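Trainee: Have a look at the structure that comes next, please.
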Amino acid sequence: MKKAILLRFTAILLLALGISSVFSYYFTGRDMLETTRNSMLDTIHVVDYFLDYGGDLTKQLTRLHDAALDGNSRVTIIGTDGTVYADNEVAQIEELENHMEREEVKAAHRSGMGSSIRFSASMGESMMYVAARSEKGDYIIRLSVPYANMTDYICRILPVLLLGAAVAFGISVMMAVRFTDTIATPLKEISAKMERMKSCDFQPGIFRIYKYEELNVIARTTVEMAEEIRSYVERLEREKKIRQEFFSNASHELKTPITSIQGYAELLDQGFGQDDGIKRDFLARIRKETQNMTNLINDILLISRLEAKETQEVFADLSLQPFLVQIEELMESIAAEYQVKLHMECESLQIEASARQMRELLVNLVGNGIKYNHPGGNVWVNVYCCGGGISIRVQDDGCGIGLEDQERIFERFYRVDKGRSKKMGGTGLGLSIVKHIVKFYEGDISVQSALGEGSVFVVTLPLTVKRIT
Ligand code: ADP
């Protein structure tokens, strides 16, 4: 890239030098011609002023020439008919031919002033002729000087011109190299880091501060992009791992009831169910395992729907008091089974939410409070309005959760006491489902618990709450 920029830069530089030379050649040449012509005209006027046309013109011309004019110049006094009366260079003026046909003389005769440039055979060089009419009589004064035109002039100054151009070219190329370095080097560094990113190295590192802000923007964006890609890749990998773990756990969880069912079915097949009591027991166990499997499959489906953020949820106004009564009715039988007393308390509130999700959330929390309790235990449910939403507080005086387990109970398939959970039809997914629902509403869940004393789960959901009067 650096080479390409330099090549282009050199081409542009040469073109600019070429164009500027042509322009200066043209305008300087024109200017030089004009200046010479004007100063020659001035000299003619001075000569005219001092000449006494009644006296000896040749003598006067020679004296004037010696005293005030340039050695190379030649003055000729010509009559309006073209006859030469005097010339400071030629003594025998009679030998000079009639000058009327000379271009400058013709023009001076016609319009008062004329000029021309031509090669003089007698002088052997290019001459400039300027002629003007005398203000004192019928005379034309002609002045001629050797004229070095622009081409001759340039030839003379060519070595200096070439040296100047070479120095200017050299300095410009040096500056161009430095300039391309300030652009090409950062771009090279940035593209090298991007190349590394392509080969999955998302550590672009720190870029230097470059001279041009635009390059800093590119460098910064590269770092930010790398950061984003890295966190995206990490997230994908994490999700992949979680998914793999989930599937292996789910298949493991399903394998257990299937093996049990298979076992009881084989026992029945082998005639172990002759006795009605044993047969009923086997069938009850099969039914229980089937229920466990159904629970598990339902929870797996629910959790994957929540993870895929598949929201076919119907959001509607939900009056919490009657809703809590429904939950109490739903949990009554299991509470009675575990001999646990339910205490529901709810403010007269209305929220807009999915009744299905709210039911799932409460059933899981209240269900756990009942399941991990002892006969005679209590579960208190308290729903109230808190700043910017609602709080659902589910407290029990059951077995409690150890501190080290409190951090992990929201993980999928994590159970503190696996045997007890399974016996109670737990899937190890309940709290994970609760956490997903809370996350769906951008809420928060916390747990406080002590072994043997019970647990308190508090869910806060930032929902618009209306008080019903
Ligand atoms: P499970 O289906 O096993 O109940 P959860 O995800 O609902 O699964 O709960 C995870 C684990 O957390 C349970 O197995 C249980 O050991 C513990 N746990 C949950 N709630 C309570 C509670 N209220 N009291 C004591 N332990 C609890």
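Trainee: At a 1.4 Å probe, what is the % contribution of carbon and sulfur to the accessible area of the chain?
Mentor: Working: 15770 of 27900 Å².
Percent of accessible area from carbon and sulfur atoms in the chain: 57.
Trainee: Starting from the amide H of Val84, placed 1.01 Å from N in the peptide plane, find each other amide H under 5 Å away whose residue is 5 or more places distant or on another chain.
Mentor: The answer is Gly79, His99.
Trainee: What are the lysines whose alpha-carbon lies under 19 Å from the alpha-carbon of Lys3, with same-chain residues fewer than 8 places away excluded?
Mentor: Lys188
Trainee: So, one more: Between the alpha-carbon centers of region 14-66 and region 205-275, tell me the distance in whole angstrom.
Mentor: If you average the Cα positions of each part, the centres end up 96 Å apart.
Trainee: For a 24 Å ceiling on Cα separation, which of these pairs sit above it: Lys371/Lys435; Lys255/Lys439; Lys288/Lys418; Lys240/Lys422; Lys288/Lys371; Lys198/Lys240?
Mentor: Working: Lys371/Lys435 19 Å; Lys255/Lys439 30 Å; Lys288/Lys418 16 Å; Lys240/Lys422 27 Å; Lys288/Lys371 16 Å; Lys198/Lys240 21 Å.
Exceeds cut-off: Lys255/Lys439; Lys240/Lys422.
Trainee: Using the heavy atoms of the protein chains and a 1.4 angstrom probe, tell me the accessible area per residue for region 91-215 in square angstrom. Before the final figure, lay out each step's value.
Mentor: Details: 7860 Å² over 125 residues.
Here the per-residue accessible area is 63 Å².
Trainee: Find the relative contact order for region 280-417 and round it to a whole percent, using C-alpha pairs within less than 8 Å whose residues are 6+ positions apart.
Mentor: Working: 157 pairs, mean separation 26.9, N = 138.
Relative contact order comes out at 19 percent.
Trainee: Ok, one more. Ranked from highest to lowest mean number of other Cβ atoms within 10 Å per residue, what is the order of the peptides 434-442, 276-284, 185-193, 400-408? The partial results should precede the final answer.
Mentor: Values: 434-442: 18.6, 276-284: 12.1, 185-193: 15.9, 400-408: 13.7.
Packing order, densest peptide first, comes out as 434-442, 185-193, 400-408, 276-284.
Trainee: What is the Cα coordinate range of the chain on the first, second and third principal axes, sorted by size from largest, in whole angstrom?
Mentor: Principal extents (largest minus smallest coordinate, Cα): 167, 61, 35 Å.
Trainee: Here's another thing I want to ask about it. Give the relative contact order (percent, whole number) for the chain; include only Cα pairs under 8 Å separated by 6+ residues.
Mentor: On the way: 607 pairs, mean separation 41.2, N = 469.
Across the chain, relative contact order equals 9 percent.
Trainee: R0 = 22 Å: FRET efficiency of Lys279 with Leu254, Cβ-based, nearest 0.05?
Mentor: On the way: r = 25 Å, r/R0 = 1.16.
Working from the Cβ atoms, E equals 0.30.
Trainee: Can you tell me how much longer the chain between Asp52 and Glu345 gets when fully stretched, taken as 0.36 nm per residue apart minus their C-alpha distance, in nm with one decimal?
Mentor: Details: separation 293, 0.36 × 293 = 105.48 nm, distance 13.65 nm.
Value of the extension gain: 91.8 nm.
Trainee: Still on this structure, I have one more. Aspartates and glutamates near Lys136 by alpha-carbon distance under 14 Å, same-chain residues fewer than 8 away left out - which ones?
Mentor: Within reach: Asp48, Asp52.
Trainee: On to the next question. Okay, helix-only estimate at 222 nm for the chain: each DSSP H run of n ≥ 4 adds -39500 (n - 2.57), divide by all residues, round to 500 deg cm²/dmol; what do you get?
Mentor: Details: 11 runs with 264 residues, N = 469.
The helix contribution divided over the chain gives -20000 deg cm²/dmol.
Trainee: Going by the alpha-carbon gyration tensor, a ≥ b ≥ c the square roots of its eigenvalues, is region 313-467 rounded (a/c under 1.5) or, if a/c is not under 1.5, prolate (a/b greater than b/c) versus oblate? Working shown, then result.
Mentor: Working: a/c = 1.75, a/b = 1.43, b/c = 1.23.
Because a/c hits 1.5 or more and a/b exceeds b/c, region 313-467 counts as prolate.
Trainee: Take the alpha-carbon centre of region 69-143, take the same for region 278-355, and report the distance between them in whole Å.
Mentor: Measuring centre to centre over Cα atoms gives 126 Å.
The values are calculated or read from the model by the stated rules, or taken from the named source; none is laboratory data. Please read all numbers here as calculations on a predicted model, not as lab measurements. Virtual Cβ from ideal backbone geometry, glycine too; neighbours counted across all protein chains shown. With ligands, DNA and RNA removed, areas are computed over all heavy atoms of the protein, side chains included. Shrake-Rupley method; radii C 1.70, N 1.55, O 1.52, S 1.80 Å.
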